[in-house]
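Undergrad: Sharing a structure with you now.
The values are calculated or read from the model by the stated rules, or taken from the named source; none is laboratory data. Since this is a predicted model, take the numbers as computed values, not measurements. A quick note on method: Cβ atoms are made from the backbone with ideal geometry, for glycine too, and the neighbour counts reach across all protein chains shown. The protein model used for the area step is the full one, side chains on, heavy atoms only, and it has no ligands, DNA or RNA in it. Shrake-Rupley method; radii C 1.70, N 1.55, O 1.52, S 1.80 Å.
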Amino acid sequence: MTARVTVLYFAKSAELTGHRSEVVPLPVATSSCQLWALLLELHPSLAALQDQVVLAVRQQYVALGDQALLLADGDEVAVVPPLSGG
Amino acid sequence: MSSREEVGGSMEERSEAVEPSRDLIGLSSEPLSIERVYSSAVSPSCGAVALFIGTTREHFEGRRVIRLEYEAYDPMVQSELSAVCRDIRARWPMVKHICIQHRLGLVTVAEASVAIAISSPHRGEAQEAVGYCINALKASAPIWKKEVYESEESKWKENPECGWSGNS
């Protein structure tokens, strides 16, 4: 089963992909590293961020790993390069 | 923006109206007004407002910075900084008002990029809370800064405080 998820790209990831946001069908039951692998398939240029990126799922940070995630239609997943606020 | 009622105190204190504590978190594409940030934190119940202002530097590694560009994941900045405010209030219960304002978009060199004002009855809590607040913001607020150099090259900065930065 898939969910229509809005993927948001910020900072360097927006420059690498040429997108600020797009709606992507993603598996309902997945993990953060699976999600990252899917995004890499869509945008191979994101590989430049490998090891220096996390995701934000429904506005909660999720490190790339085996943590199980459940997605639903309308969810937001953000690609989060290293922060530089302040 | 959230506000909380303070509860408790002596009979005399309870009979007066107690000003609710405020967390004021904002992103602005206009230059920050330090006066407004201060006014948001000052309180008749407090003897101190501690202030931190982050400003933009002109040089990085020998190159001249001509401008900075900030972008943010707006709704998540609100939720992350609200969580920082909750942490501050848990650690320093005497803190009264917290005001955090951050610039977005184009910022020229020597402008304020972030301003934090925190009030407390005595200065110790406000000063400690402000130091904690800027460190926590740098570690957790989804805000990104790009430095643009004279050569028109640019670089997305990475805070050492951020757990997934190349600098940490």
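Undergrad: Going through region B:18-34 one residue at a time, which ones are charged (D, E, K, R) and open to solvent by 50 Å² or more (accessible area, probe 1.4 Å)?
TA: B:GLU19, B:ARG22, B:GLU30
Undergrad: Can you confirm whether region B:28-47 contains a residue that is among the hydrophobic types (A, V, I, L, M, F, W, C), assigned to a strand (DSSP E or B) and within 14 Å of another protein chain (Cβ to nearest Cβ)?
TA: Scanning region B:28-47, I find no residue that is among the hydrophobic types (A, V, I, L, M, F, W, C), assigned to a strand (DSSP E or B) and within 14 Å of another protein chain (Cβ to nearest Cβ), so the answer is no.
Undergrad: Now for a different question. Determine whether B:ALA126 is more than 11 Å from chain A (Cβ to nearest Cβ), crowded, with 19+ Cβ neighbours inside 10 Å and farther than 22 Å from A:LEU64 by Cβ.
TA: yes
Undergrad: To continue, here is another question. In region B:61-72, is there at least one residue being in contact (Cβ under 8 Å) with a residue 40 or more places away in the chain, assigned to a strand (DSSP E or B) and on the phi > 0 side of the Ramachandran plot?
TA: no
Undergrad: Related question: Does region A:37-67 hold any residues that are among the charged types (D, E, K, R) and more than 9 Å from chain B (Cβ to nearest Cβ), and which are they?
TA: Passing the criteria: A:GLU41, A:ARG58, A:ASP66.
Undergrad: Taking strands (runs of 3 or more DSSP E) that do not extend beyond region A:1-75, which have at least 3 residues that are without any contact (Cβ under 8 Å) to a residue 60 or more places away in the chain and in contact with a Lys or Arg (Cβ under 9 Å, 6 or more places away or on another chain)?
TA: Passing ranges, in order: A:21-27.
Undergrad: While we're here: Just checking, which of B:ILE118, B:ILE134, B:ILE143 is crowded, with 17+ Cβ neighbours inside 10 Å and more than 13 Å from every other protein chain (Cβ to nearest Cβ)?
TA: B:ILE118
Undergrad: I'd like the full set of residues that are surrounded by fewer than 24 Cβ atoms within 10 Å (Cβ to Cβ), within 16 Å of the chain's Cα centre (by Cα) and within 14 Å of chain A (Cβ to nearest Cβ), limited to region B:85-105.
TA: If the condition is that a residue be surrounded by fewer than 24 Cβ atoms within 10 Å (Cβ to Cβ), within 16 Å of the chain's Cα centre (by Cα) and within 14 Å of chain A (Cβ to nearest Cβ), then B:GLN101, B:LEU104 are the ones that fit.
Undergrad: Between B:THR108, B:THR55, which is more than 27 Å from A:ALA56 (Cα to Cα), within 14 Å of chain A (Cβ to nearest Cβ) and either surrounded by fewer than 18 Cβ atoms within 10 Å (Cβ to Cβ) or among the hydroxyl-bearing types (Ser, Thr, Tyr) (or both)?
TA: After ruling out the rest, the residue left standing is B:THR55.
Undergrad: What's the number of the only condition in (1) open to solvent by 10 Å² or more (accessible area, probe 1.4 Å); (2) facing chain A (nearest Cβ under 8 Å); (3) over 28 Å from B:PRO20 (Cβ atoms) that B:PRO160 fails to meet?
TA: Every condition holds for B:PRO160 apart from (2).
Undergrad: Given the conditions (1) crowded, with 20+ Cβ neighbours inside 10 Å; (2) within 14 Å of another protein chain (Cβ to nearest Cβ), which single one is not true for A:LEU16?
TA: A:LEU16 satisfies every listed condition except (1).
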